[in-house]
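The structure appears right after this line, and notes come after that.
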Ligand SMILES: Cc1cc2nc3c(=O)[nH]c(=O)nc-3n(C[C@H](O)[C@H](O)[C@H](O)COP(=O)(O)OP(=O)(O)OC[C@H]3O[C@@H](n4cnc5c(N)ncnc54)[C@H](O)[C@@H]3O)c2cc1C
């Protein structure tokens with residue numbers, strides 16, 4: 001891995017910077033937090049503009065509509081869009097950051113052609129139907145059942161914490177196809193069209209008052225077998241590919257935002273507050289280390305097609321660093337920290353969710369211990 005930028009990469013940065021300077025003034029104001037139709041329109045319009053200008057899917061293959069550029073250019077894209085305060089992926093999070101990359105790695109040519117260019121253009125919004133009331137950390141216990149009937153699967157069950165379900169066109173769905181098989185071996189990864197009959201979406205409210213999550217109830221929903229990604233009962237392996245993107249690369253943009261917040265907080269800490277300034281320095285060093293790890297994960301994804309289990313190290317350390325930054329912000333803001341309108345305060349509440357989303361910190365620790373450090377499996381010590 002070479003961390004220096006080439007002349008072509010620097011030229012890409014300059015060209016992108018001037019494009020951003022030209023188009024950003026014409027982007028309309030962001031819609032209200034719970035105006036979901038408005039948010040979908042705003043996020044997908046921006047995605048469409050990126051696509052038209054050749055900036056959608058920087059490191060996605062050109063055959064599926066991407067730019068076919070290097071992962072370094074993808075990182076430059078993230079750095080520059082963040083610096084320029086361009087819109088973030090928003091409701092396109094799942095499609096662009098983990099469902100799309102999973103399809104690139106695992107889907108049939110026909111599935112790629114149907115979904116990938118549409119995701120890049122902002123014509124398809126995706127959500128993720130993995131978690132269930134009895135299957136979060138222990139995801140392999142999921143019970144949503146898919147029974148084969150001719151050319152369809154007939155699906156019944158319940159999903160929970162489905163972000164952006166109310167505006168999604170498709171869902172990356174995990175179902176149980178073989179109830180008698182060992183639990184990790186009876187799962188299948190399906191593409192669920194969200195307008196299929198039998199789907200009911202019930203929004204949930206978070207502690208921050210927003211409604212991006214929903215419960216999704218499925219009552220005899222028919223999904224063509226042609227929508228299966230990978231073989232039947234091999235969905236656990238495909239889900240691990242999804243997780244490697246979700247944990248390894250999906251949070252990079254948000255980490256760049258955190259670097260901005262840290263710089264902003266630095267301006268608020270008095271010169272005389274030595275302990276807060278020391279903590280600022282530690283946080284800066286941690287974020288720099290995470291940026292280096294990101295470059296490593298992204299270049300590994302370019303070599304092997306997927307970022308691998310190292311994403312768990314990133315996700316764990318990033319969520320803990322983000323929480324520490326939130327704590328420092330609360331201390332520095334003092335009485336002003338009572339206002340949820342302040343971006344540092346909103347960010348502090350959001351940071352709590354980072355240790356839960358895409359697998360909790362405890363689960364990431366188990367993965368790091370067992371799959372990276374080679375320590376004994378959790379089961380072997382809990383059962384002794
Ligand atoms: C912001 C956000 C967005 C999300 N979006 C989606 C989405 O779009 N689609 C989706 O499917 N899901 C989504 N989720 C759900 C998320 O994946 C789950 O919340 C997460 O996997 C934890 O599952 P759980 O909530 O059932 O907690 P549980 O699994 O019940 O865990 C409860 C506690 O027990 C601990 N614990 C459990 N098992 C172990 C163990 N073996 N060892 C040590 N500790 C353990 C956990 O770490 C946690 O602290 C989202 C969650 C958040 C916060």
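Each reported figure results from applying straightforward, stated rules to the coordinates on display, with no laboratory input. Predicted model, so just to flag it, every value in this text is computed and none were measured. Here the Cβ positions follow ideal geometry from the backbone for every residue, glycine too, while neighbour counts run over all protein chains shown.
Mean residue ellipticity at 222 nm from the helices of the chain, using -39,500 (n - 2.57) per DSSP H segment of n ≥ 4 over the full residue count, to the nearest 500 deg cm²/dmol?
Details: 12 runs with 176 residues, N = 384.
Estimated from H runs of four or more residues: -15000 deg cm²/dmol.
Among 309, 125, 332, which one shows the biggest mean-square fluctuation in a GNM of the chain, springs joining Cα atoms closer than 10 Å?
332
Counting residues in the chain as N, plug N into 2.2 N^0.38 Å and put the Cα Rg over that result.
Working: Rg = 21.1 Å, N = 384, 2.2 N^0.38 = 21.1 Å.
Scaled against compact globular proteins, the figure is 1.00.
So between residue 207 and residue 123, what do we pick up on full extension, going 0.36 nm a residue minus the alpha carbon distance?
Working: separation 84, 0.36 × 84 = 30.24 nm, distance 3.08 nm.
Using 0.36 nm per residue and subtracting the Cα-Cα distance, I get 27.2 nm.
Among 104, 207, 199, which one shows the biggest mean-square fluctuation in a GNM of the chain, springs joining Cα atoms closer than 10 Å?
Fluctuation is largest for 207.
Mind grabbing the base-10 log of I(q)/I(0) for the stretch 227-316 at q = 0.13, 0.17, 0.25 Å⁻¹? Debye formula, identical points on the C-alpha positions, no solvent, two decimal places.
-0.56, -0.77, -1.16
With springs connecting C-alpha atoms under 10 Å apart, model the chain as a Gaussian network and identify which of 93, 213, 12 has the largest mean-square fluctuation.
Fluctuation is largest for 12.
Under a plain spin-label model, where a point goes 7 Å from the Cα along Cα-to-Cβ, how far apart in nm are residue 34 and residue 284?
Going by the 7 Å Cα→Cβ label model, 4.0 nm.
By how many nm would the segment from residue 375 to residue 343 grow when fully extended, if each residue of separation counts as 0.36 nm and the alpha-carbon distance is taken off? List each step's numbers first, then the result.
Values: separation 32, 0.36 × 32 = 11.52 nm, distance 4.01 nm.
Full extension from residue 375 to residue 343 adds 7.5 nm.
Between residue 22 and residue 152, what length comes free when the chain is fully extended (0.36 nm per residue of separation minus the Cα-Cα distance, one decimal in nm)? Working shown, then result.
Details: separation 130, 0.36 × 130 = 46.80 nm, distance 4.84 nm.
Once the chain is fully extended between residue 22 and residue 152, it gains 42.0 nm.
Going by how many other Cβ atoms sit within 10 Å of their own, how do 377, 112, 315 line up, fewest first?
Numbers: 377 12, 112 18, 315 27.
Fewest to most other Cβ atoms nearby, the residues stand as 377, 112, 315.
Fewest first, what order do 83, 121 take by the number of other Cβ atoms within 10 Å? Write down the numbers at each step before the final one.
Numbers: 83 13, 121 17.
Ranked by crowding around the Cβ, least crowded first: 83, 121.
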